[in-house]
Each structure stands twice: as C-alpha cells, then as structure tokens.
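Have a look at the structure below, then the notes.
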Amino acid sequence: MRFGETSPDHVGLMLDLSPSGMFLKSSRIYPHQTKIVMSMEIAHGKIIQFEGIVQWAKRVPQALARIMPKNGMGILLTDPPAEYLNFLRAHNAS
C-alpha cells in the first residue's frame, strides 16, 4: 500500500483490514486526525484509491521497528470504495 497526506508517496503494510478501517504498519507515522490518501493494488494490477483519518499512532524506536508489531497507525476509512469492500469479502471467504 502507498499513502501520504496529499499523494501516496510512502509505503506501508496493511494489517487488520475491516470495512471501516485498518492498521497501517509503517516507519512514516502521521499525527492523530491527519487526513491521508492511500492507494493499493488489487487483482490484475488494478489500483484503487481511498482516504482515511489517523485515529491513533504508535512509534517505536527505529532499532525495534522490525520486531514490534504495532509500529504504525490506526486508520478510519472515510468512504471506502466498493472495490475495497469487494476485496475484503473475496479474501475473507477464502
């Protein structure tokens, strides 16, 4: 997944996906209430874009970032696109 404040310039790993939000693991952390834009590639190279708001953020020391599971942000999706919701349904069914 790519993300950023005005354009998706940073890379992160999406975890704990739900229809309303996700945990975004990354070394780039934005403060609470920051609006971000995100893009992700789904099947067959199709890229979807959506927006969210940082609900919480946790930064761990860089030396521990690889082993600490919650170095990142909890994101509330503001208007998840149908493609994202379909992606969730397809992957939860398998």
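So who's got an amide H within less than 5 Å of the one on residue 21, skipping anything under 5 residues away but keeping other chains? H placed 1.01 Å off N, in plane.
77
Let me check I've understood the local charge: for residue 41, count other residues with C-beta under 14 angstrom from its C-beta, Lys and Arg +1, Asp and Glu -1. What total comes out? Each step should come with its number before you reach the end.
Numbers: positive: 2, 46; negative: 83.
Spelling it out: positives minus negatives among the neighbours equals +1.
Using Cβ counts within 10 Å as a stand-in for footprinting exposure, how do 89, 2 rank, fewest first? Before the final figure, lay out each step's value.
Working: 89 10, 2 16.
Fewest-to-most Cβ neighbours within 10 Å comes out as 89, 2.
³J(HN,Hα) across the range 46-59 via Karplus (A = 6.51, B = -1.76, C = 1.60, θ = phi - 60°), whole Hz, x for Gly/Pro?
With the stated coefficients, the range 46-59 comes to 6, 10, 10, 10, 7, 10, x, 10, 5, 9, 7, 9, 9, 10 Hz.
Could you calculate the contour length gain from residue 83 to residue 35, that is, 0.36 nm times the residue separation minus the distance between their Cα atoms, to one decimal place in nm?
Values: separation 48, 0.36 × 48 = 17.28 nm, distance 2.06 nm.
Net length gain for the segment: 15.2 nm.
Tell me, what does the Kirkwood hydrodynamic radius of the chain come to in angstroms if you use every pair of distinct C-alpha atoms?
Details: mean 1/r = 0.0739 Å⁻¹.
Taking the inverse mean of 1/r over all distinct Cα pairs, the chain comes out at 13.5 Å.
Mind pulling the angle between the C-alpha long axis of helix 82-93 and the longest principal axis of the chain? Nearest 10 degrees, somewhere in 0 to 90.
Between the helix axis and the principal axis of the chain, the angle is about 90 degrees.
Read-outs: derived from the displayed coordinates by stated rules, not from any lab. Since this is a predicted model, take the numbers as computed values, not measurements. Neighbour counts are summed over all protein chains in view; Cβ atoms, including those assigned to glycine, are modelled from backbone coordinates with ideal geometry.
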